Amino acid sequence: MKKWRRYNPLGNEEKDAVNRVLDSGCLSKFIGAWSEDFFGGEEVQAFEKEICQFFNSPHAVVFNSLTSGLVAAVGALGIKPGDEVIVSPWTMCATATAIVIWGGIPVFVDIEKNNFGINPKLLEAKISEKTRGIIVPNIFGHAAMLEEICAIAKRHELFVVEDNAQSPGIKNKGRYLGTWGHIGGFSLNYHKHIHTGEGGFCLCKDEELALKMRLIRNHAEAAVLESPIDSLHNMVGFNFRMGEIEAAIGRAQLKKLPKLLERNQDKAKIILKELSSEPWLGSTDAIEEHAYYVLPFKIIDHRITNKELVRRCKDNGVPGLLDGYVNVHLLPMYQQKIAFDQYPWSISEKTYEYHKGICPVAEELHDSQFFGLLISMYELDESDCIWIANTIKESARAILCER
Ligand SMILES: *Cc1c(COP(=O)(O)O)cnc(C)c1O
């Protein structure tokens, strides 16, 4: 069996950054009192400036994770108990938990089968008088149908948050993902394109929204009376602050993002080319501008299921395989509607449906059709990529021969 080596994107640039912080003697400069240091230390503030420059965004707010960033984003947007927020079922659970934390109720809209993002055609039917916003994940490295989704949101005066954890540095129609919505969130977790260990950041255009996120990041209630924010609404305190070491590493990592994306794209191109004429594989939008956090595939031959194919490929030594993806609506929290006891569902007269069947496309993709490759995780050269594609091909053909 082939041995695969985990790719390490950290080098001398990150070592120098860490040493710079250690030499300064200051590992975090945040304080909760309203002052210059309310906004973080030198590295944190420099990192935020460099993120703004990279993405051409007026504001950037760094956090100790994107989970924290999403919580701050939904809080800053003013979600109240009982408000509905539309979200995709095909994402990491934190995308939806960020709503529940504020007493908001997630309403799941099924995904589009080629780009794995919220299907705009299904959106309007789910908008009610209680709907306040939409959280759109750009999943696997590719844009959801942002133009259509943002147009619908605008018509109904809803906010849009992009969960862009998996697609940093990718553009759609000339515009960076994460800058389409009112707020766009990025993760800096170990598994993502660029990382700081734990970390994340949010981009936004509106100054007041950015300030509210900064308040929620740093014990809001301790400083809100001195800040320009008048309302106490959602100004409850968290500590979502990023340390100086993480920020310094992030600054070095951000410079590497274009190269890291190119690396993924080169590998994906080879694998996609090798698999381009397989009749059992359907098309996805993976051939378009893509960050390839996951290289996604869709099986269209009913004789092959994702679970069986992935088991065989794994047995043959293919690394980084996914044989499905989360269907958030099917997680126990939604099945049993228990978060804080029965809150937030208990305060609504409406009954919310999360049973299997409400998102048939996401469910079928997970159950039988979708598989993916985490190509950025390993050291793979051209011949490795060709070997992986051929092994997938042979594994599928072996299944078909037995049918
Ligand atoms: C990784 C990820 C998150 C969470 O990011 P953390 O920084 O680990 O909190 C949220 N949403 C999506 C889609 C992710 O992939």
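Just so you know, all these numbers are worked out from the coordinates, no wet-lab data involved. For clarity, every value in this text was computed on a predicted model and none was experimentally measured. Note that each Cβ is placed from the backbone with ideal geometry, even for glycine, and that neighbours are counted across all protein chains shown.
Would you be so kind as to identify which of ILE392, TYR354, LEU373 lies farthest towards the positive end of the dipole of region 334-403, taking Lys and Arg as +1 and Asp and Glu as -1 on Cβ and the Cα centre as origin?
Final value for the positive-end residue is TYR354.
Mind giving me the FRET efficiency for GLU13 and GLN265? R0 is 25 Å, r the Cβ-Cβ distance, nearest 0.05 is fine. Don't jump to the answer; show the numbers that get you there.
Values: r = 22 Å, r/R0 = 0.87.
Efficiency at R0 = 25 Å is approximately 0.70.
Please list, ordered by chain and number, the residues whose modelled amide H lies under 5 Å from the amide H of GLY133; skip anything fewer than 5 residues away on the same chain.
Close amide H contacts, sequence-distant or interchain: ILE86, PHE159.
Just in region 218-294: which GluC sites (Glu not before Pro) are loop by DSSP and have at most 15 other Cβ atoms within 10 Å?
GLU226, GLU288
Return a whole-number percent for the relative contact order of region 1-76, with Cα pairs under 8 Å and 6 or more residues apart as the contact set.
The value is 12 percent.
Ranked from highest to lowest mean number of other Cβ atoms within 10 Å per residue, what is the order of the peptides 304-312, 376-384?
304-312, 376-384
Could you tell me whether the chain comes out rounded, prolate or oblate from its Cα gyration tensor? Rule is a ≥ b ≥ c as square roots of the eigenvalues, rounded for a/c under 1.5, then prolate if a/b exceeds b/c, otherwise oblate. Don't jump to the answer; show the numbers that get you there.
Values: a/c = 2.14, a/b = 1.27, b/c = 1.68.
Oblate, because a/c is 1.5 or more while a/b does not exceed b/c.
Assuming a ≥ b ≥ c are the square roots of the Cα gyration tensor eigenvalues, decide whether region 1-95 counts as rounded (a/c under 1.5), prolate (otherwise, with a/b larger than b/c) or oblate.
In terms of gyration-tensor shape, oblate.
Please state the charge dipole magnitude for region 1-119, taken about the Cα centre, from unit charges on C-beta atoms (+1 on K and R, -1 on D and E), reported in debye and rounded to the nearest 20.
Working: 10 positive and 14 negative charges, 139 e Å.
Around 660 debye, computed over region 1-119.
Considering the options GLY169, HIS195, PRO137, tell which one lies farthest towards the positive end of the dipole of region 52-205, charges being +1 on Lys and Arg and -1 on Asp and Glu at the Cβ, about the Cα centre.
After comparing all options, I get GLY169.
Can you give the relative contact order of the chain as a percent, counting alpha carbon pairs under 8 Å and 6+ residues apart?
Values: 825 pairs, mean separation 85.0, N = 403.
Worked out over the chain, it gives 21 percent.
Using a simple charge model, +1 on the beta-carbon of Lys and Arg, -1 on the beta-carbon of Asp and Glu, nothing else, what dipole does the chain show about its Cα centre, in debye to the nearest 20?
About 860 debye.
Report the charge-dipole magnitude of region 35-193 in Debye, nearest 20, computed about the Cα centre from +1 at each Lys and Arg Cβ and -1 at each Asp and Glu Cβ.
Charge dipole, region 35-193, about its Cα centre: 520 debye, nearest 20.
Out of ILE249, ILE347, ILE86, any idea which swings most in a Gaussian network model of the chain, alpha carbons joined below 10 Å?
ILE347
In region 129-206, which GluC sites (Glu not before Pro) fall in coil by DSSP and have 10 or fewer other Cβ atoms within 10 Å?
Within region 129-206, the qualifying GluC sites (Glu not before Pro) (loop, at most 10 other Cβ atoms within 10 Å) are GLU129, GLU157.
For the chain, list the DSSP H helices whose alpha carbon atoms reach 27 Å or more along the long axis and whose average Kyte-Doolittle value is -0.5 or above?
Span-like helices here: 382-402.
When DSSP beta bridges are limited to those with both residues in the chain, what percentage is antiparallel, rounded to the nearest 5?
Counting DSSP beta bridges with both partners in the chain, the antiparallel share is about 60 percent.
Each label point is 7 Å from the Cα along the Cα-to-Cβ direction; what then is the distance between the points at ASP367 and LEU400, in nm?
2.4 nm
If packing is taken as the average number of other Cβ atoms within 10 Å across a peptide's residues, how do 352-360, 106-114, 316-324 rank, most packed first?
The most tightly packed comes first, giving 106-114, 316-324, 352-360.
How many Lys pairs in region 139-252 lie less than 19 angstrom apart by Cα atoms, where the lysines are 8 or more positions apart or on different chains?
Eligible lysine pairs with Cα atoms under 19 Å apart amount to 5.
In the Gaussian network model of the chain, springs joining C-alpha atoms below 10 Å, which of ALA153, ALA252, ALA125 carries the largest mean-square fluctuation?
With Cα springs under 10 Å in the chain, the top fluctuation among ALA153, ALA252, ALA125 is at ALA125.
Top mean-square fluctuation among ASN390, ASN172, ASN164, Gaussian network model of the chain, C-alpha springs under 10 Å?
ASN390
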